[in-house]
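Enquirer: Submitted below is the structure of interest, expressed as structure tokens.
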Amino acid sequence: MATIMMLSRCTIVPATKKHTATLFFFHGSGDTGENVKTWIDAILGKELKFPHIKIIYPTAPAQPYTPNNGMLSNVWFNRKNISNKVSEEEDSITSICHNVMKLIDEEHFNGIPYNRIIVAGFSMGGSLALYLAYKFNLSLGGCATISSFLNRNSMVYQHLENNKPTNLPPLLQFHGSSDILVPIQWGNETYTNLNKFVKNAAFVAVPTAKHEINKAEILHFEFWLNGILAE
């Protein structure tokens, strides 16, 4: 089912000084932007913020979610199953990407170049970031994911194979070695497929980590982010 509800809820952390870049961080299925912000801040022991980077934590619209027996859930798009072997719900993915692109375009229209906008996320939110960076706006500054994957024969792979673009956004993928919900093999397979096209890509296996965000990942992500979006 395609997403028809517009995004209206965003938790925002302003840049503490001059705003010259923007980070979008997308939550996992069934969560909210406010909750994932609280989770990250709790792990760090302080609020994640930057002098020059505005952080936007959007909340996905409530919609029927097939893996949850069709019940309403805050998810970015529908899935046939939590598996990398099933086909994608392309209409649902395309719809939400167009909606999120309106938020990204708003940042651009307000003076932030696309190459100063990073998309990142956890689990399904990371998958959304991959769709955005490698199919819907290849001019973005970068993409980072935690415990995320793309389906085999994804529309992203098809798009890259058909168009063979150059200068794609840098990619940083984290994945816990003990993730049961989204096995690390799915994440590694996604990385292998994207690395055929993305020149600046890294896959970081996190020993013993499950389907979660941990402090080492956030600190590594902060370092990577500041390297791409220098003040």
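The values are calculated or read from the model by the stated rules, or taken from the named source; none is laboratory data. Worth saying up front: this structure is predicted, and the values here are computed from it rather than measured. Glycine also receives a Cβ, built like all others from the backbone with ideal geometry; neighbour counts cover every protein chain displayed. These accessible areas exclude ligands, DNA and RNA; they are computed on the full protein's heavy atoms, side chains included. Shrake-Rupley method; radii C 1.70, N 1.55, O 1.52, S 1.80 Å.
Enquirer: Count the net charge of all other residues whose Cβ sits under 11 Å from the Cβ of residue 23, scoring Lys and Arg as +1 and Asp and Glu as -1.
Expert: Once positives and negatives cancel, what remains is +1.
Enquirer: Run through the stretch 21-92 and list the GluC sites (Glu not before Pro) located in a DSSP loop whose Cβ has at most 16 other Cβ atoms within 10 Å.
Expert: Hits after loop and neighbour filter: 47.
Enquirer: Amide H neighbours of residue 148 under 5 Å, at least 5 residues apart or on other chains, H built in the peptide plane: list them.
Expert: Amide H neighbours of residue 148: 123.
Enquirer: State which stretch of the chain is the longest one without any exposed trypsin sites (Lys or Arg not before Pro), exposure meaning a DSSP loop state and at most 12 other Cβ atoms within 10 Å.
Expert: 86-195
Enquirer: Next question. Can you send over the carbon and sulfur percentage of the accessible area for the stretch 1-114, probe radius 1.4 Å, protein chains only?
Expert: C and S fraction of accessible area: 53 percent.
Enquirer: Pairs 85/199; 54/164; 135/199; 54/135; 17/54; 135/164: which exceed 20 Å Cα-Cα?
Expert: Details: 85/199 26 Å; 54/164 32 Å; 135/199 16 Å; 54/135 24 Å; 17/54 10 Å; 135/164 11 Å.
Beyond 20 Å: 85/199; 54/164; 54/135.
Enquirer: Project the alpha carbons of the chain onto their principal axes and report the range along each, largest first, in whole Å.
Expert: Principal extents (largest minus smallest coordinate, Cα): 45, 38, 36 Å.
Enquirer: Tell me, in nm to one decimal, what length is gained between residue 68 and residue 230 on full extension, where the rule is 0.36 nm per residue of separation less the Cα-Cα distance?
Expert: 54.2 nm is the gain from fully extending residue 68 to residue 230.
Enquirer: Taking every pair of distinct Cα atoms and averaging 1/r, then inverting, what Kirkwood hydrodynamic radius in Å comes out for the stretch 74-206?
Expert: Value: 14.8 Å, from the Cα pair sum.
Enquirer: Would you work out the relative contact order for the stretch 74-231, in percent, from Cα pairs under 8 angstrom that are 6 or more residues apart? Provide the component values of the computation, followed by the final result.
Expert: Working: 261 pairs, mean separation 31.2, N = 158.
The value is 20 percent.
Enquirer: Might you tell me the accessible area per residue for the chain, computed with a 1.4 Å probe and given in Å²?
Expert: Ligands and nucleic acids excluded, the figure is 44 Å² per residue.
Enquirer: Let me ask something else. Loop-only check: which GluC sites (Glu not before Pro) in the stretch 97-182 are DSSP coil with at most 16 other Cβ within 10 angstrom?
Expert: The qualifying sites: there are none.
Enquirer: Which value at 222 nm does the chain reach when only helices count, each DSSP H run of 4 or more adding -39,500 (n - 2.57), with the total divided by all residues and rounded to the nearest 500 deg cm²/dmol?
Expert: It lands at -10000 deg cm²/dmol.
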